[in-house]
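Since every read-out is calculated from the coordinates, none of them should be taken as a lab result. Quick caveat: nothing in here was measured; it's all calculated off a predicted structure. All Cβ positions, even for glycine, are placed from backbone atoms using ideal geometry, and neighbour counts span all protein chains on display.
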């Protein structure tokens, strides 16, 4: 077997003539390199441990990536469900508003017809009454007063059912705004816009919100309607307002709907 000669640089010099002119085998080269410590056919324990550590790191990274992917998928599904629920709620509110407007239009047409018919009857009566000179002045004053009262109250009487329905719609929008405020910290701009437009329609019909009572105010049955009670240990709060659940509305001095409140009830008074 041919031998290697070391140079100063630490490498081996191979005699090429010996490689081509003798039985110089690859196994002999491997054996020579193994004896010199330059070649090893097997992994060391340190290399095996390093390979195992690399596999463990890869598996750990793969598991974390899978967990992150599953978590993102769950969050995306929740967001899609919230968007679907909001779209459905928005569609229902839009349908209710359209139905309310259609009902209002029908009532206005009916009101117009009945008003014209009523004025025609009053005018006919007035003409018959003033035909007699002896009762002319008295009949005129009486019929004029009736006509003014009729004009003032008839329109509102015809519109009252629609206005009450609009107040119910206002309550629902207000509750939804409060719910969104608690859930996301920011109310939906579309809902706030609908509420404001609904208040504008009510104001144009002389229906405005009443002044809201404060906590601790004395309960006034002419202004408020108590539907719930809140027990308290303070006897001074007994019978006073705890919380306003729904805002009241009025037209002039007439209350269309009283405010809905919760009042304190003293535990000592109950015992």
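Summary of computed values
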{"item": "Gain in span if fully extended, residue 108 to residue 215, counting 0.36 nm per residue against the direct Cα distance", "result": "34.5 nm"}
{"item": "Extended-chain gain in nm, criterion 0.36 nm per residue less alpha-carbon gap, residue 80 and residue 65", "result": "3.2 nm"}
{"item": "Pair residue 147, residue 189: separation of 7 Å Cα→Cβ label points (nm)", "result": "5.2"}
{"item": "Relative compactness, the range 73-205, computed as alpha-carbon Rg over 2.2 N^0.38 Å", "result": "1.72"}
{"item": "For peptides 214-226, 169-181, sequence by mean Cβ density within 10 Å, most packed first", "result": "169-181, 214-226"}
{"item": "Percent antiparallel among DSSP beta bridges (both partners in the range 194-271, rounded to 5)", "result": "55"}
